[in-house]
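Asker: Structure below; questions to follow.
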Amino acid sequence: MQTLVDALRSAVHLIVTLDSNVVEYAGRSLLVAAVSTLLAGLVGIPAGAVIATHEFPGKRVAVTLLNTLLSVPTVVVGLVVYSLIGRSGPLGPAQLLFTVPGIVIGEVLLILPLVTALTVTAVARTDRDVRKTALALGASAGQSHWLVIRESRFGVLAAVIAAFGRVVSEVGVAMILGGNIDHFTRTLTTAIVVNVDMGDFALALALGLVLLAISLGVNVLFQFVQGGGGE
């Protein structure tokens, strides 16, 4: 018990004094999460809106596939991307393996189904009534679609926040594609793994506390947004 207390005391000290490793790993994790979420949002939000507002052959299959991809293990995504950007893969010459951009590619593929599926749900929830009202008031088809997306903004924003939280706490993709290289690709989650293996429990605990704080902040924001921003 005393060992845990001492480790916790040391961990808090590392956080309060802004230990260089803690700051570095946290900054890299937030950067990867922010860039990955932005790229996934640029693709997933429009795709989800189109799926929700249009009828087309295979729509049910597409939605089912999206929902299925939500449960794909992160290590599987990492292995798939590894086969693409590894030396023998089609993107091997780009030398993306064991780099931050390589991690970002994997994280984007991991959260793209999440952003798309949650956008479909958010838009579909407000689609019917809002579109009927807009068309009755003389809006064009394009204007009605835009209005539906606008009215779904809190649900769409919640999808983005959920995706960010998924990336920042993920370890499989970051470990496989980044290689956990110190001062280059190491993130909060991969640093926790390696420091536990090395016996540096205080630093691992400090990183865990930072990750817990970030996850808590993301979840609080997610709940706030899901509630319509307090409306």
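Asker: If LEU69 meets every condition in (1) in contact (Cβ under 8 Å) with a residue 24 or more places away in the chain; (2) farther than 30 Å from LEU147 by Cβ apart from one, which number is that one?
Answerer: The one condition LEU69 does not meet is (2).
Asker: Just to be sure I understand, how many residues within the range 1-43 are surrounded by 12 or more Cβ atoms within 10 Å (Cβ to Cβ) and polar (S, T, N, Q)?
Answerer: 5
Asker: Name the residues in the range 1-57 that are outside any helix (DSSP H, G or I) and either among the acidic types (Asp, Glu) or touching a helix residue (DSSP H, G or I) at 6+ places or on another chain (Cβ under 7 Å) (or both), would you?
Answerer: ASP19, GLU55
Asker: Being over 17 Å from the mean Cα position of the chain (by Cα) and either modelled with pLDDT of 95 or more or under 30 Å from PHE154 (Cα atoms) (or both): is that true of ALA52 here?
Answerer: Yes.
Asker: Inside the range 4-38, can you point out the residues that are among the small types (Gly, Ala, Ser) and over 21 Å from PRO101 (Cα atoms)?
Answerer: The answer is ALA7, SER10, ALA11, SER20.
Asker: Would you check if there is a residue in the range 22-31 being in contact (Cβ under 8 Å) with a residue 24 or more places away in the chain and aromatic (Phe, Trp, Tyr)?
Answerer: Yes, the range 22-31 has at least one match.
The values are calculated or read from the model by the stated rules, or taken from the named source; none is laboratory data. Computed from a predicted structure; not experimentally measured. Heads up, the Cβs are rebuilt from the backbone with ideal geometry, glycines too, and the neighbour counts pull from every protein chain shown.
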